[in-house]
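Comments concern the structure below.
The values are calculated or read from the model by the stated rules, or taken from the named source; none is laboratory data. Since this is a predicted model, take the numbers as computed values, not measurements. Counting neighbours? That spans all protein chains shown, and the Cβs are built from the backbone with ideal geometry, glycine included. All accessible areas refer to the heavy atoms of the entire protein, side chains included, with ligands and DNA or RNA removed. Shrake-Rupley method; radii C 1.70, N 1.55, O 1.52, S 1.80 Å.
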Amino acid sequence: MCSVPALWRGLGRVHSTYARHVQDLPRNDAAVAVELVVPKWWCDNPDCPQRIFCMRLTPWVPAYGRRSTRLTEWLADWAWTTSAEEVAATAARHGVPLSSATVVRILRAQPDPVYPSPRVVGIDDGAIAKGHDYATVVVDFERHRVLDILPDRTAETVAAWLREHPSVEIVSRDRAIGYANAAYEGAPQAGQVADRWHLLKNLGENIERLLRRVSPFAKGPSPDGDAEVVPSPVPSEEEQPAPDTPALTPRQIIYAAVHRLAAAGWNMSQIARELSCDRKTVRHDLLAPPPHAHPQRDPYPHLLDPFEPLLQRLWENGQHRRAVLWEALKNAGFTGGRSTLGRWMARHRLGTPSRKQARPTTHKLAHWFLARWLYLPRSAVSSLTQVLKHPVPRHAYTLVHPFRTMIMHHQDRALSAWLHAAETSGIPERVRFAEGIREDEAAVRAGIRGP
């Protein structure tokens, strides 16, 4: 039994004792529990509201605690850097069995960490429930920590947060007008930076819109002209489609509803709420051509296509040896490899027809537009060659890579010349992109040449 300190003897007589079981740091991956016999005192003063006094073990063990302070701090240090499930699994391997819910309770009981005043912050959207509920995430770029998660994406909320942190000197953001206005109002002393990731993302989206309009793989208006987008009408209940007419896809129905509501004077936010979709979908449908119901996949160009009749004739005549077919191909001018011929022979041995690959999507083509030729697969080179036969994508391609080079090499000296070339290109997508850069040129320049 623990001896009663002299400090506690004046409180009254010892009423009883009780045992406390305290879990401590593990030793050699074995659980350590300390059992203490602690006295209780009964106060002799009948007017005392406390009546019973128990011996405290602080700071080693908190009041009513069953875990030592140093064990709690050890678990909290792990929990700040990883997930609760991983902390629970790691602690169990070291002889401290506990659940992930206990780890969460330990973290919630810890005081909030105190960080230095932020100087360089990043602001961007964060999805609470993707497509339905969004918040604003504020990140300290110098320390790589999330500073705060604001409840919404409004400019007033972001501006209020910036006013509460006057130490902010640089605000990194996307090119949305809402965050730009919030930075101007909440932190007028701070410089604004349009981050490079969003610049490349905006450039890729711009390329997709262009390719959706003029790509030979796209099903939309003719590549020879900038035809005006005509919304697909939604058939009424009285207008029954013809038996041979394909049914409207869900994508076509949403597209037609967006244009019908827009023609009635609804704005994008109202349309998004009415149709339960994102504003980006509404904006995309308002600018894009009508979606095709059942796109017919065009034959994909292949290196063996010009030599297919020769191979088929030799195969039907009984020539199934690779050496004979390879010699005939080389004499006919084939420049590919033996593996290509091997795949063709394997398909024909199984009795399957020559496989035609699916046409690339506009998203894939836009990715290839931004990539370097050195890292492109052979199929990408073939597809890009076919796309670049059209003068509009070819002209746009000459404008894409200079802008990408400026971003990758942190050089903005040629930005003015690039903007002039894009504005005078006559390509509507390039002109709109250049106009957006002009409106936010200072932040774009800071983003290109910044660290």
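Checking the condition modelled with pLDDT of 80 or more and open to solvent by less than 60 Å² (accessible area, probe 1.4 Å), which residue from Leu370, Leu376 passes? It is Leu370. Applying the criterion of being closer than 27 Å to Glu435 by Cβ and small (Gly, Ala, Ser) to the residues of the stretch 121-155, the residue that is farthest from the chain's Cα centre (by Cα) is Ala155. Being in contact with a helix residue (DSSP H, G or I) (Cβ under 7 Å, 6 or more places away or on another chain) and open to solvent by 40 Å² or more (accessible area, probe 1.4 Å) is a description that does not apply to Arg143.
In this structure, does Leu261 turn out to be open to solvent by 40 Å² or more (accessible area, probe 1.4 Å) and either outside any loop (DSSP other than H, G, I, E, B) or modelled with pLDDT under 50 (or both)? It is false that Leu261 is open to solvent by 40 Å² or more (accessible area, probe 1.4 Å) and either outside any loop (DSSP other than H, G, I, E, B) or modelled with pLDDT under 50 (or both).
Residue pairs whose Cβ atoms lie under 7 Å apart, sitting 6 or more positions apart in sequence or on different chains, and linking a residue in the stretch 417-443 that is within 19 Å of Glu208 (Cβ to Cβ) to a partner that is part of a helix (DSSP H, G or I) and among the acidic types (Asp, Glu), are Val431/Glu423; Ala434/Glu423. Residues of the stretch 106-120 that are under 28 Å from Ala187 (Cβ atoms) and over 26 Å from the mean Cα position of the chain (by Cα): Pro111, Asp112, Pro113, Val114, Tyr115, Pro116, Ser117. If only residues of the stretch 42-84 that are of a type outside the set (A, V, I, L, M) and under 31 Å from the mean Cα position of the chain (by Cα) are counted, the one that is surrounded by the most Cβ atoms within 10 Å (Cβ to Cβ) is Trp78. Checked against the criterion of being open to solvent by less than 20 Å² (accessible area, probe 1.4 Å), over 25 Å from the mean Cα position of the chain (by Cα) and closer than 24 Å to Glu439 by Cβ, the candidates Val158, Val103, Val168, Val87 yield just one match: Val168. If the condition is being open to solvent by less than 20 Å² (accessible area, probe 1.4 Å), aliphatic (A, V, I, L, M) and over 13 Å from Arg196 (Cα atoms), then the stretch 399-451 contributes Leu399, Val400, Leu415, Leu419, Ala422, Ile427, Ala434. Residues in the stretch 381-398 that are surrounded by fewer than 20 Cβ atoms within 10 Å (Cβ to Cβ) and within 16 Å of Leu419 (Cβ to Cβ): His395, Thr398. Note on the stretch 402-421: residues that are assigned to a helix (DSSP H, G or I) and of a type in the set (S, T, N, Q) total 2. In the set (1) basic (Lys, Arg); (2) open to solvent by 70 Å² or more (accessible area, probe 1.4 Å); (3) outside any helix (DSSP H, G or I), Lys330 fails one condition alone, (3).
Of all the numbered requirements in (1) out of contact with any Leu (no Cβ under 9 Å at 6 or more places or on another chain); (2) over 25 Å from Leu365 (Cα atoms); (3) open to solvent by less than 40 Å² (accessible area, probe 1.4 Å); (4) modelled with pLDDT under 55, Gln240 misses one, and that requirement is (3).
Restricting to the stretch 106-130, and then to whatever is small (Gly, Ala, Ser) and surrounded by 12 or more Cβ atoms within 10 Å (Cβ to Cβ), can you tell me which residue is farthest from Leu275 (Cα to Cα)? For the stretch 106-130, the residue satisfying everything is Gly122. A count restricted to the stretch 32-66 and to residues that are more than 29 Å from Arg108 (Cβ to Cβ), part of a loop (DSSP other than H, G, I, E, B) and of a type in the set (A, V, I, L, M, F, W, C) stands at 1.
Look at the stretch 260-276: where a residue is closer than 20 Å to Gly131 by Cβ and a partner is among the small types (Gly, Ala, Ser) and surrounded by 15 or more Cβ atoms within 10 Å (Cβ to Cβ), sitting 6+ places away or on another chain with Cβ atoms under 9 Å, you get Met268/Ala262; Ile271/Ala257; Ile271/Ala262; Glu274/Ala257; Leu275/Ala257.
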